[in-house]
1. Go through (1) in a helix (DSSP H, G or I); (2) open to solvent by 10 Å² or more (accessible area, probe 1.4 Å); (3) in contact (Cβ under 8 Å) with a residue 40 or more places away in the chain and name the single condition W77 misses.
2. Does the stretch 268-287 hold any residues that are free of Cβ contacts under 8 Å to residues at least 40 places away in the same chain and open to solvent by 40 Å² or more (accessible area, probe 1.4 Å), and which are they?
3. Would you say V360 is open to solvent by less than 20 Å² (accessible area, probe 1.4 Å) and touching a helix residue (DSSP H, G or I) at 6+ places or on another chain (Cβ under 9 Å)?
4. Would you pick out the residues in the stretch 220-251 that are in a loop (DSSP other than H, G, I, E, B) and over 14 Å from L200 (Cα atoms)?
5. Look through P221, P262, P236 and report the one residue that is surrounded by fewer than 17 Cβ atoms within 10 Å (Cβ to Cβ), under 23 Å from L344 (Cβ atoms) and assigned by the TED database to the domain that holds G355.
6. Search the stretch 175-218 for residues being among the β-branched types (V, I, T) and open to solvent by 40 Å² or more (accessible area, probe 1.4 Å), and hand back the single one that is nearest to T253 (Cα to Cα).
7. Six or more apart or on different chains, Cβ atoms under 6 Å: show the pairs whose first residue is in the stretch 80-102 and of a type in the set (S, T, N, Q) and whose second is open to solvent by less than 40 Å² (accessible area, probe 1.4 Å).
8. Identify, please: which residue in the stretch 315-356 is open to solvent by 30 Å² or more (accessible area, probe 1.4 Å) and touching a residue at least 40 places away in the same chain (Cβ under 8 Å) and is, among those, farthest from E179 (Cα to Cα)?
Amino acid sequence: MPKKKKSHGHPAHRGGSGTAMSPLRAGGRVLGDLQVPFRRFLEAELAEQDEAGGDGAAGAPMDVGDLEARLMESLGWLVLSLELDLVPASARWFSAEGLQELFTEIVPAVAEHNELDAQELVDETRLAWTSYLMFLGETEQWAGEDEELADCLDVASGGVGATAAATASVLDALRAAEEAVPPESRLADLAALPWVTAALDAVDELAAGVDAAVDAEGEGPAVEVLRARLAPFDLPLDPVAEWAELQRNGFVTVVDGRTEVPRAGDPEHRGDLATVFAASVISGTLAAAGSPGAVVGGLSAVTSAVLDPMTSGRLRELLTENGDEADLPAALAAVQRLVELGVLSPVEPWTARAGLAGAVLDVVDGFFSTEPED
């Protein structure tokens, strides 16, 4: 792709306004003289599909014109959203990270703004990009390494799962995913969730010094700070229990009867706090699913969102394999609640921000740990 200037939000519409270049025109420019050979590639694949009576590379009921248009328009969404230079015929290399942002953030934002079905638009865009990446590979137009193309195809087809396959266990894979995220990125990803920001704001308020006295039920001014900050989000948390957890983990201490927060301005420490809080919310949401099968299904979706994203179809297969197919509605309800909370992406396959890997690790470790709690 052309040189990236800077990230600047997501496209708010599917067509241009005023003097702004439309996404379709921008995508057509960066596709340039690759458009004709790509169309011929699609036509050849369609002909092979018709001759064989099965699915070709496109693999879905979209005709050549629709696939071509969807690719160019989504190319435009990508380059305009990220403010990339519109260099003709430069669409010969992409990063897996950039495509992941396209499918999980940019395209859903376009769909929401235009009141379109987000899942349908994502599915069509994935299909167009899978076809285009196959075209780049088979015609030797890809400008990067073979491994990079494989990673991009993995993302376009709905998976980002090489990490999980290369590790000995799910916990090892989650630890590797957590360690791969710089502390500042972890905090930014977590703080992008409004209820995490509210929790951090509550701790900031406690850092100023609040009366730490509690009554027989554990209620007190410090607990009320947490309750007031978190109340708008309807989270599966007990403020009294969260107050005790903050003290147990050393995030808040009590000195002379008032609250203090060690390392209050340390970004890494704040990231640790945000991670623990996010893990509590995710665990509480899953626990509320009810049946063990539903909990396992929701936990599988959350874990896969970090390692190898799954779809509702794969979740159904998983529960069926375990004999828990009847728990699918409850598992999907838990997943939907995590979508509403911003933990999971609103489109399938469900993904999570990289910075949530540590929280998911804590959740998985908590559900399966055999060690007794203190």
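1. Unmet condition: (2).
2. If we filter the stretch 268-287 for residues that are free of Cβ contacts under 8 Å to residues at least 40 places away in the same chain, which is where we start, we get 269, 272.
Once the filter is applied, which keeps residues that are free of Cβ contacts under 8 Å to residues at least 40 places away in the same chain and open to solvent by 40 Å² or more (accessible area, probe 1.4 Å), the stretch 268-287 yields only D272.
3. Values: open to solvent by less than 20 Å² (accessible area, probe 1.4 Å): yes; touching a helix residue (DSSP H, G or I) at 6+ places or on another chain (Cβ under 9 Å): yes.
Yes: the conditions hold for V360.
4. Residues of the stretch 220-251 in a loop (DSSP other than H, G, I, E, B): 220, 234-238, 249-251.
Of everything in the stretch 220-251, those that are in a loop (DSSP other than H, G, I, E, B) and over 14 Å from L200 (Cα atoms) turn out to be G220, D234, L235, P236, L237, D238, N249, G250.
5. On the way: P221 fails: under 23 Å from L344 (Cβ atoms); P262 fails: under 23 Å from L344 (Cβ atoms).
After applying the criteria, what remains is P236.
6. Looking only at the stretch 175-218, we keep the residues that are among the β-branched types (V, I, T), and these are 181, 196-197, 203, 210, 214.
Those still in the list that are open to solvent by 40 Å² or more (accessible area, probe 1.4 Å) too: 197, 214.
Details: T197: 20, V214: 14 Å.
Of everything passing the filter in the stretch 175-218, V214 is nearest to T253 (Cα to Cα).
7. The qualifying pairs are S81/P11; S81/I106; S90/P2; S90/V30; Q100/V155.
8. A330
The values are calculated or read from the model by the stated rules, or taken from the named source; none is laboratory data. Quantities reported herein were computed from a predicted structural model and do not represent experimental measurements. With ideal geometry, Cβ positions are generated from the backbone for all residues, glycine too; neighbour counts draw on all protein chains shown. Please note that ligands, DNA and RNA were not included when accessible areas were found on the heavy atoms of the full protein model with its side chains. Shrake-Rupley method; radii C 1.70, N 1.55, O 1.52, S 1.80 Å.
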